[in-house]
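Have a look at the structure below before the remarks.
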Amino acid sequence: MGWTPPSKFIVIVTCITMIFGVFILMDLYMGLWPTILPAIDLAGFNLWFLVALILFILTWLLFFLGVKLSGL
């Protein structure tokens, strides 16, 4: 199976999801600015950290599918 470049739509969507994930992690742990995300705990876990992890997994999955499936 050959490599097919992803479409512009997939590249833009994965870029946006990665930017949101990086923003959430920077807001939580870097301390560069006063935090704007409200503190939400879910059974002892920070919900925003879980959202950032889901965004990173979604970014990887979308880009992987964009490369493997032509026309997506």
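The values are calculated or read from the model by the stated rules, or taken from the named source; none is laboratory data. The structure presented is a predicted model; accordingly, all values stated were derived computationally and were not measured. Virtual Cβ from ideal backbone geometry, glycine too; neighbours counted across all protein chains shown.
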Screening GLY66, GLY71 for residues that are assigned to a helix (DSSP H, G or I), within 13 Å of PRO5 (Cα to Cα) and modelled with pLDDT under 90 leaves only GLY66
Within the stretch 50-72, restricting to residues that are free of Cβ contacts under 8 Å to residues at least 60 places away in the same chain and either polar (S, T, N, Q) or in contact with a Phe, Trp or Tyr (Cβ under 9 Å, 6 or more places away or on another chain) (or both), the one that is nearest to PHE9 (Cα to Cα) is THR59
ILE40 passes all but one of the listed conditions (1) surrounded by 13 or more Cβ atoms within 10 Å (Cβ to Cβ); (2) touching a helix residue (DSSP H, G or I) at 6+ places or on another chain (Cβ under 7 Å); (3) of a type outside the set (Asp, Glu); the exception is number (1)
Among LEU28, LEU32, the single one that is surrounded by 14 or more Cβ atoms within 10 Å (Cβ to Cβ), free of Cβ contacts under 8 Å to residues at least 60 places away in the same chain and either part of a strand (DSSP E or B) or touching a helix residue (DSSP H, G or I) at 6+ places or on another chain (Cβ under 7 Å) (or both) is LEU28
Note on PRO5: of the conditions (1) out of contact with any Leu (no Cβ under 7 Å at 6 or more places or on another chain); (2) part of a helix (DSSP H, G or I); (3) under 23 Å from LEU62 (Cβ atoms), unmet is (2)
Restricted to the stretch 1-27 and to residues being of a type in the set (A, V, I, L, M, F, W, C) and modelled with pLDDT under 85, the residue nearest to VAL67 (Cα to Cα) is TRP3
Note: among ALA39, ALA52, just one is part of a loop (DSSP other than H, G, I, E, B) and small (Gly, Ala, Ser), namely ALA39
